[in-house]
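Structure first, commentary second.
The values are calculated or read from the model by the stated rules, or taken from the named source; none is laboratory data. Please read these numbers as outputs of a predicted model, since none were measured by experiment. When we count neighbours, we look across all protein chains shown, and the Cβ atoms used for this are built from the backbone with ideal geometry, even at glycine.
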Amino acid sequence: MLETQKKAAELMKSGESSLKTGLFKWNPNYLEATPKFMQASEMFENIGEYAAAIKCYEKLALCCEKRDDLNAAADAYQKVGFLTLNFKKDPQAAYQCLTKAVNLFKIHGNTLKAQEMLKKLGKRCFDQGYEELGVRIYQDILDEVFEGENYGTGAEVITEYVNFLIDKGKFPEAIDAYSRHIKYLLSVKKYEHLVARAWLGIICIHIVMGEHYIAEDKLTLFGSQISKPMSSDEYRAVLNLTDAIHKGDEVLFAKTLKQPIFGQIEAALLKRLKKYVIPKKEMAKKEDPLFGNVETRKKQKEEKKTEAKPTAPLEEEKVPKGTEEAKTVVRKDEEEKAAPAVPANPDQKAEGEVKPEEPKPAEAEKDFGGAFT
């Protein structure tokens, strides 16, 4: 190991000497320095001297660029990027190095290799806990894939990316990836079976999340975007799943998941569907998700209409017309007898009424001229 380290250090020093300029050497000798840095970087990496290896790979990338060997320069930057991620634990610096590699691969016309390198970096970011950067990298890959000309060579990355997102519970990001895929497929008017597959994934994610009402709305949109819904295995599978949830039928739900179509969806999604617990039938009725096949939904609508009909008012007790009028006359007579008659003139006595006597004024004392005094 010590000998390897010593030899690698000598090669690195010799390479740096080849790049120096002086009075009699006006230009760096990149051709001479390239193999020295290449050999030194590999030796340092093998013995675990990663800091020295990164330095040599950076020098190698510079030499290759100056010689217009862009493919070799991209490889060197790729080495720098992964060593920076693994050794320095600096994902942002690693991403910058790999971005240089991607650009060089594209200039050289090797787009497929650039995609593979980014996929590798994104996976390592996910494995090492740099999930935010991993999502960013895969978003960049999808931007490339959905340009059209790169779709044929990079479509498989969509499944890899979505599978990771579902496994990590990043459901909104997974739905967004599915939606972008559907939008692209509808724009090119091709691969209708992949449109159906993506819709199956979206609705299954909403089921896993417990958002049954959203799944029902998406089912309607799903049926409108494919030509023959009832002939689609994906559409029928979704109908069976939603019908099982509405009925609270765990047996039907488990049986549906055994259909061949579910062997073609993401493994992480199928795993979560198998662990999904169907809500009790009473709870499903309270939520009123309107699940089920076409016949079930029609039956539900008819039941709702029946429940919504207003109850007819109770019929009033019918009384013969003559009897009612007679009762009214009797009541009026009784009321007149009971109530005292009010005379038109306030001073006039009412009939049968005895008017109390008003007290007479006291007579004035007679003056007898004081005869009894």
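Tally time: how many residues in the stretch 16-27 are over 56 Å from the mean Cα position of the chain (by Cα) and surrounded by 15 or more Cβ atoms within 10 Å (Cβ to Cβ)?
Start the filter on the stretch 16-27 by keeping residues that are over 56 Å from the mean Cα position of the chain (by Cα), which leaves 17-18, 20-27.
Next, from what is left, pick out any that are surrounded by 15 or more Cβ atoms within 10 Å (Cβ to Cβ): 18.
Counting residues in the stretch 16-27 that are over 56 Å from the mean Cα position of the chain (by Cα) and surrounded by 15 or more Cβ atoms within 10 Å (Cβ to Cβ) gives 1.
Can you pull out the residues in the stretch 75-116 that are within 33 Å of the chain's Cα centre (by Cα), buried (at least 21 other Cβ atoms within 10 Å of the Cβ) and aliphatic (A, V, I, L, M)?
L85, A94, L98, V102, A114
Any residue at all in the stretch 4-15 that's out of contact with any strand residue (DSSP E or B) (no Cβ under 9 Å at 6 or more places or on another chain), surrounded by fewer than 16 Cβ atoms within 10 Å (Cβ to Cβ), not in a helix (DSSP H, G or I) and not aromatic (F, W, Y)?
no
Mind checking which pairs have a first residue in the stretch 123-139 that is assigned to a helix (DSSP H, G or I) and a second that is of a type in the set (K, R), Cβ under 7 Å, 6 or more apart or different chains?
From the stretch 123-139, the pairs are E131/K168.
What number of residues within the stretch 188-199 satisfy the criterion of being over 26 Å from K275 (Cα atoms), surrounded by 16 or more Cβ atoms within 10 Å (Cβ to Cβ) and in contact (Cβ under 8 Å) with a residue 24 or more places away in the chain? Even if it seems obvious, please write down each step before you answer.
Step one: list which residues in the stretch 188-199 are over 26 Å from K275 (Cα atoms), which gives 188-193.
Narrowing the set further to residues that are surrounded by 16 or more Cβ atoms within 10 Å (Cβ to Cβ) leaves 191.
Now narrow it down to the ones that are in contact (Cβ under 8 Å) with a residue 24 or more places away in the chain: none.
Qualifying residue count for the region: 0.
Quick one: which of L121, L133, L142, L165 is modelled with pLDDT of 90 or more and either touching a Ser or Thr at 6+ places or on another chain (Cβ under 8 Å) or of a type in the set (A, V, I, L, M) (or both)? Walk me through it before giving the result.
Numbers: L121 fails: modelled with pLDDT of 90 or more; L133 fails: modelled with pLDDT of 90 or more; L142 fails: modelled with pLDDT of 90 or more.
Answer to the selection: L165.
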